[in-house]
Every structure is written in C-alpha cells, then in structure tokens.
Amino acid sequence: MPNALAQAVSEQADEISEVLVTGTRRSGMAVSDSPAPVQMVNAEMLAESGSPDLMNAIATQVPSYNAEQRGSDMASQTLTASMRALSPNHALVLINGKRRHITSNVAAGTGAAAADMSFIPSSAINHLEVLTDGAAALYGSDAIAGVINIILKDDYQGGSFRSNISEYTDGGGYTTNVQGNYGFGSDTAFVNMSLEFEERATVTRSVVYGPAECIMDAVECMNRITNGTPSGYSVSGAYRTYLQRDAGMVNHPEYPVMNHVGDPPEINRIASFINAGYEINENLDLYAFGSFGKKRAESLETYRRPSQDGGYDANGDGDRNDITADGTPEYMINKYPAGFNPMEKSEEDDVSLTIGLAGENNGWMWDLATVYGSNEMDVYTTNSMNFTLWNETGQSQEDFYDGTYWAKQWTTSLDASKEYDIGLAAPMTFATGLEYRKDEYGIKPGEPASYYGAGASSFPGYNPATNTGSYDRNSYATFLNFIFVPTNEWLVDVAVRYEDYSDFGNETVGKITTRYDFTDAIAVRGTISTGFRAPTLGEGFYSAVNVGPTSASPQLQPNSAAAAELGFGAGLQPETSENISVGLVFTPFRGLTSTIDAYQIDISDRIQRGSFSFSTGQGTNTITGRTTGKYNSQLPDPADTNGDGTPDATFNEALGKALVKFGYIGVWNDPAAPGGSLDPSARASISVSMFNNSLDTRTTGVDWVTTYNTGFDWGSIDWTLAANYNKTEVLSAKAAPASLGGATMYSLSSLSNEETNSPKYRINLGARISVGDFTINLRENIYGPQYTLSSASSYPQSVRDELDLVTLGTGLYYKNQINELYMTNVEVTYTPTDKLRLSLGMDNIFNEYPDKTPSAIWNYNEERYANTSRAYLTGSPVGFFGSRWFAKLGYDF
C-alpha cells in the first residue's frame, strides 16, 4: 500500500478510531487526542442506518447534521444537508481530503448549492470524518459550520454486493437500491471500484383539494366565502366566476385529490466511483480517484384549474369574453378542460476526477493534486402549456425544454509539511501550501416556446434576453500552519490563510486551536477562528421566473445591471464569520468516551434571498381577458379593468420601470416585448427577488457525543448518545435601497422564521446488540420543536381565537408549530456465514407524523376556494410520510 497517501487513503476499518486526517495536519493524530471535535462514522454504521441515501444516513449518526429538500421547483430535486442549522453552503465536503465540486442546481429560495452527495456510492466509502468546527483557515471558503471528509475504500482484494428495498407503510416511496464494490491489485498498486443503482418512487399524503370541495357544493361554498369573511376584508364576485369556469375539474382522473405539489420527486440514479494508487518508489506515490453519475428526477407541481389558462381569443379582437358560434365563451375554450398537473423534470450528469502525486523528500511530506468536477442539469416542464400561446393561437405544446445550467470547478493545490525539533515536548509541525481554483457557471436558454409570453406554466424556460449566460472567476490561496506541543499535556495549532478572488477581492482568515490534557481521563479543548464564504457563481448570476398558481416572481441576478439600477451596488460580497468553541473530553475508563463542545458562530453579510413586492391586490378581481394595462397585457396595474370603481392593484413604480428597462417584463399591450409577460394566472401578487448580503446572524449551541462499549459472556452492546442543541438569532437585517421607495425586503415574520424553522435540538440514542449470528440495532431519534409564522390578518376573530398568535410590529401572525418528534427505528441482522448478511428493519415504527396545519385554519379553508391539499406542515427533517420498512441483503467475496 502506498505509504504517502495519508490524506488520500485510509487505514483499515478496525483501526478507524485511531487515525485522523481531518482538522489537523499533524500526522498520526488519534481521534481521542484531537484538539478539534471530529466524529468518525464508518461504513458499517452508515449501512446500519437503514436510510435510503448517504445524507440521511449521516444525519442518523451526527445530530448537528440535517438532510432536507430546500426550496421548490427544481431545487426540490437535489437533496441538501445543513450543519448546525446553517446553510448547506456553510459545510465543506471533501473526498480523500480534496474539495468536492458543487451542484449547478441553485435553490431559488435559499441559494443552497453545496456538493450533491447522491453521486457518491455508499459502497465506495471506508469511513467519514465529520469536523464540527470552523475550519476556513485550513480548507478555505465554505468551512464555516464544519467539514465532511469522505475517505474512500482502498481494498485491493475481493469486494461486496449490497441490495435493499424499502417502502412507506402508508403507501408510496418504493425504493430499490443495488450497489457493489470490487478491488484488485497488490501492496504497491490498487484499484477499487464502486457502482450504485437506485430507483425511488414518489410518495403523496395529499388530501382533497380545496377548490374541488367547493365545486362539490357551490352554493354552500359561496355562503361560506361571503358570510365567513372578517370585517373589512373584501371578497368580490370573482369566486362565482371561478366556480362556473372550473366546473370541468370534476372530470380530472384524480378528482378530488389532484394537487400533489410538495411531494418528493421520483428519482432514477446511477453513481460510480473509482479509487486507485501506485507506489512509484518508497518515497513517491501516484494516486487518482473519480466519479461519474447520472440522475433523472421528476416531480408534480401545483395543479392548474381550467379557468387559469384564460381561454382562446378565437376572433383575435383582444377580448376573450366573446361568444363563439357554438355558444361557448372564448374564456371557456381550455386546452385542459379538467385542469392539469404540470411536472418539472431534470436530467443530470455529474463528473469528477482527481490526480495527484504524494511523496517525502528531506523530511518534507508533500502532496500535489489537481481536481476537476462538473455538474450539468437539463431542465424540462412536461404535461403543461404556454398560456400566452394558447390565448393567442389556440395551440400550445405540452412538453418544453426549459434550458440547462451547469457548474464546473478546477482546483490545483500543493501542500507540504515538515516537523522541526525546537526543544519542545514534541517536534513542531510546519505546514504550508498553495492553491489555484477556477469556478464556472452558466445557464443555457430553453426553446422559444418555453419562455415566450407567460412561458411554460409552472417553470418558464430560461430567456436568452434576461436569464442566460456563462460566468467564471479565478482564485488563489496560500496558508501557513504551525502546530506546537509545549508540554506532553498541551497542544497549540495556529493557522492563517489568504485567498484572492478575481471578482470581489481578498480575504485573510485565521484560527487558534488548543487542547490541554489534565489527566489521561480529562481534557479541555477550544478554538477561536475567523472564516469566510465566497458567494457561489450561481448565487451571483442565477436568474429565472418563479411562478405559482396565483403569483409570479422574477429573480434578478445580484450582479446584474438591473440590480445596480435598483441600488444594490457591486453585487454579492463574501460572508464572513467568527467562531468560538470550547469543549471537554472524558475518557474515564476503557470503552467509554464522552465529548461536550459549546460553540458560537457569528456570520456577517449572510447571503439570503430578499423579495420586493411589485404589485398586489388583483387576486380578488373578476377575470376579464381584456388587454388593458400600463406595463403589460398580463400584469395587474392601477387600471380599473373590472369597472368596480376600485383600482385593480397597487404597484411599485420604481421597480416596474427597472423591470421594463431591462426586459424582465414587456410594455403596455406588447406581450411579445423582450421578456414577454408573466404567467397571466399570477394575479394575487407579483414580486421581484434576488440574493443579497442582507443578514447578520448568531448561532449558539452544544454538541454532546458519548459512546460506551460493553461486553458480556453472551455478546456485546455498543451504546451511543449524540445530541445537539442549536439557537440562531438574527442580529440585524439590511433595509431595501431608498430607490425602492420604502419597499420591505424582509418581513418581520420571515426574519422570525430564520430563527425558528429548524429543530431546537436533536438527540440520537442507539444500542447495537450483538448475540452470536444476530445483531439488533435500536435507535431513537428525537427532534425538538420548530415553527414558522404565517399571517392571520385575513381570518375572522372566531378563527384567530383558536390560533397560537404572535404580534410582530403591526402584523398579526399564527404559529405553524411542529412539536417534538420521537422516531423509533429497529433493524435485525442475521449473519449465517462470514460472507452473507440478511437484514430486516423499520424506521419510525410507531408511524409518527409531524403536526398538521392548525385545525382552525384547515376547517376555515375547507370547502372554500383555497389551495389546500396538504394536511401536514412542511419543514420537518423527517418529512411527512410515516413509517418505512426495509429489507437488505449483503454478500462479501
């Protein structure tokens, strides 16, 4: 085995607890001696989690780590994970110590674009090293919350085969996963290969669609709408119009449960990895590793009612209220008379390759490597239509190619370290290095029909006039690292790092980490560090139109001319952080280890999406189909199009002028102008959003990890307790530029949600019982409470009286509370031979679900024209799907 691959190759599984390569550049560091909090997770622990994917498997072992789908639209098709309730972008992923490239799929709401670990087969992993501490001084940008270092298998004899199936007991989510690993070679050269296939079906817990209940009893529905409305909250005759024009939804094949937005996507995935090494001589090794993967995902979006396509202007007079020769109103000429369920589909390719040389010369350990990674995603909208094309021509295709986005990263680095005897208790370790990285990002346009006018309903294509382009940047870095051991009990680790970026300038960060062992059983450790995160190019240049059934939101590029026109300056700047942590390590006797680490992370200029209202208020006006309008035939404006004496909408003049100037919307009576129009069904609200350096936050918390191994005459029990408590505070939020005339960038409720939308704590309890050929793995995962706020202003007092209300400023909100969840998991494994393993298990055996929408809200919306279809609150890391059984087979050869 090449002996210089210390960072690129791991020790054997039974020695994992003794070897550490993450969080320190001191060779031979044992985990129990680490000055920084590092949790080790081996391949067996991942396999025994029962989770269908790598990120959820990690989450069962590391309580400060949460896997979740963030955002909507295409963002829901890439699973992300966060550490310490921060952004997924704040955790750095390494493979064998080398930076992993990020996904091109930018979450429109959060900007999350971290490494997509679904392209890493679990069968390729020897173990993980999870550093839960700020480490930007060691590894550069992104390592604010921590680092996940995935150490690949290097076995060169034999292999393994694994297969598992699973399904939710309440139906749906059937998953098949098959993977294998094989290695060959000798002591001086090896190749280890892994391959994984997975098919995962969607799962739904949707209930009766609100408008569908209205259609069932239109008279009662109108009585509820008219009489159950709070004083001063106007309801126009538009709902009677909807009831007439949407009657065809009763013919939908899934009526009345036809709205499935928010369900997880259907996924087909292939992932492969190869790891290789060759000992050129006793002082020089060549290594390489790389991956290739493909993923296809498809998800249902919000159901579109028949009335929402607006009909067909058959005589071309610009008014769709005319009656055709057969007596049909033009507004009732629908492409989908029963409405339709658009789908968003992606086809994704992911590639990476690392090649390096590692050696030793004159006491210097050095490592020269180059790493290339790319991720490309083709985006489609299917089973949909273009409302504008239908309104104008009576024709529209159903499937659209929306465009492609891609991200590439190429990193070349040289690291070197040497030990010097300077008269201390142990030699001083000096490490230094250089790094060059090139990042690229781009969006390719969709076909014209996907973005013309309203574009493909649900996900308009990328318009070459406003949304597409290619972008790149270069960065250079250098670091110095000194590790001193003044006494046998005391270690001090000091590092400083300088990085220079071609787009925003330079950053210098540093850290001091220390550990003092009072006895063999008790030690104290701590870190003071600064860090930073460079904005991803996706955050800086992603642009799209995000639409819903009654809303639309163009997302501007922060680094665009339009953003500068609105007063946002020179675009995104880096986030900066200050991290303080202190911990205790207890090893009172053999078999028992316990660590407690408290931390505080302050992040300045945190990147978040801000939203500004352009127009509101037209959602309650009767649909007319007329082409009047100041800005666009499809946009609400102050005109009184329905003749009720009340302006249709309020709007922000400055924002509207900028949208027109830079082609995001068309001009009066010109829907074919650059940028076209927005979705004509987006009548209730139209807003503009963009990422910006807007928040300063403070996150404080405690990690507690305890393991205890007990042996008995009949077998053994390995006990685990891992817990995390976390609290985030918004210290300040930047106001919108004065040019927007007092527009609000963040509501008080959205700022509150930043603090409360993640579980307050997590506790993982585990007992692994081994008796002869049987192993019983018991796990209890406890998730603390969390909540978000929603406006209560539109509900009558009788409803408010039943809600948990919160007043912020002049606004009244109610809590969407998800209470504490207890998830009990069990797995039984039978090992009849040294090579064969059979397992059966169930996660969440008591079929726990998160809380439902507050009953007062649900009852009020029931049989009203409301888009309710999902009974359970979203946002919980455990989802809303209930218990899941699984069966696994493993064979080693």
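The values are calculated or read from the model by the stated rules, or taken from the named source; none is laboratory data. Note that this is a predicted model, so its numbers are computed, not measured. Using ideal geometry, Cβ is built from the backbone for each residue, glycine included, and neighbour counts are taken over all protein chains shown.
Miscellaneous remarks
- Criterion applied to Asp326, Asp319, Asp309 was being in contact (Cβ under 8 Å) with a residue 60 or more places away in the chain, over 24 Å from Pro121 (Cβ atoms) and surrounded by fewer than 22 Cβ atoms within 10 Å (Cβ to Cβ), and the one residue passing it is Asp319.
Conditions (1) closer than 30 Å to Asp517 by Cβ; (2) touching a Phe, Trp or Tyr at 6+ places or on another chain (Cβ under 8 Å); (3) not in a strand (DSSP E or B), marked per residue:
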site	(1), (2), (3)
Tyr436	no, yes, no
Ile443	no, yes, no
Phe459	no, no, yes
Asn474	no, yes, no
Ala477	no, yes, no
Phe482	yes, yes, no
Leu491	yes, yes, no
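- The strands (runs of 3 or more DSSP E) located wholly in the range 745-814 that include 1 or more residues which are closer than 27 Å to Ser82 by Cα and in contact with a Pro (Cβ under 7 Å, 6 or more places away or on another chain) occupy 761-771, 774-783, 786-791.
- Failed condition for Tyr498, given (1) of a type outside the set (D, E, K, R); (2) touching a residue at least 24 places away in the same chain (Cβ under 8 Å); (3) more than 30 Å from Phe387 (Cα to Cα); (4) not in a loop (DSSP other than H, G, I, E, B): (2)
- Residue among Asp349, Asp319 that is outside any helix (DSSP H, G or I), more than 30 Å from Gly277 (Cβ to Cβ) and of a type in the set (Asp, Glu): Asp319
- Qualifying residue in the range 96-105 (condition: within 30 Å of Ala544 (Cα to Cα) and free of Cβ contacts under 8 Å to residues at least 60 places away in the same chain): no
- Single residue of Gly373, Gly356, Gly394, Gly403 found to be modelled with pLDDT under 95 and of a type in the set (Gly, Ala, Ser): Gly394
- Residue match in the range 845-857 (condition: at pLDDT below 95, in contact with an Asp or Glu (Cβ under 6 Å, 6 or more places away or on another chain), assigned to a loop (DSSP other than H, G, I, E, B) and within 30 Å of Pro211 (Cβ to Cβ)): no
- The single residue among Arg800, Arg768 that is surrounded by 15 or more Cβ atoms within 10 Å (Cβ to Cβ) and within 26 Å of Thr595 (Cβ to Cβ) turns out to be Arg768.
- Single residue of Ala276, Ala288 found to be surrounded by fewer than 19 Cβ atoms within 10 Å (Cβ to Cβ), in contact (Cβ under 8 Å) with a residue 24 or more places away in the chain and either at negative phi or not β-branched (Val, Ile, Thr) (or both): Ala288
Quick grid of which residues meet (1) farther than 30 Å from Met377 by Cβ; (2) buried (at least 18 other Cβ atoms within 10 Å of the Cβ); (3) modelled with pLDDT under 80:
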residue: Met222; (1), (2), (3): yes, yes, yes
residue: Ser236; (1), (2), (3): yes, no, yes
residue: Tyr242; (1), (2), (3): yes, yes, yes
residue: Val250; (1), (2), (3): yes, no, no
residue: Met258; (1), (2), (3): no, yes, no
residue: Glu266; (1), (2), (3): no, yes, no
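Here is a yes/no grid of residues against (1) part of a loop (DSSP other than H, G, I, E, B); (2) modelled with pLDDT under 95; (3) polar (S, T, N, Q); (4) under 30 Å from Gly879 (Cβ atoms):
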| site | (1), (2), (3), (4) |
| --- | --- |
| Gly173 | yes, yes, no, yes |
| Val178 | no, no, no, yes |
| Glu198 | no, no, no, yes |
| Thr202 | yes, yes, yes, yes |
| Ile225 | no, yes, no, no |
| Gly232 | yes, yes, no, no |
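- Qualifying residue in the range 121-142 (condition: in contact with a Phe, Trp or Tyr (Cβ under 8 Å, 6 or more places away or on another chain), modelled with pLDDT under 95 and part of a strand (DSSP E or B)): yes
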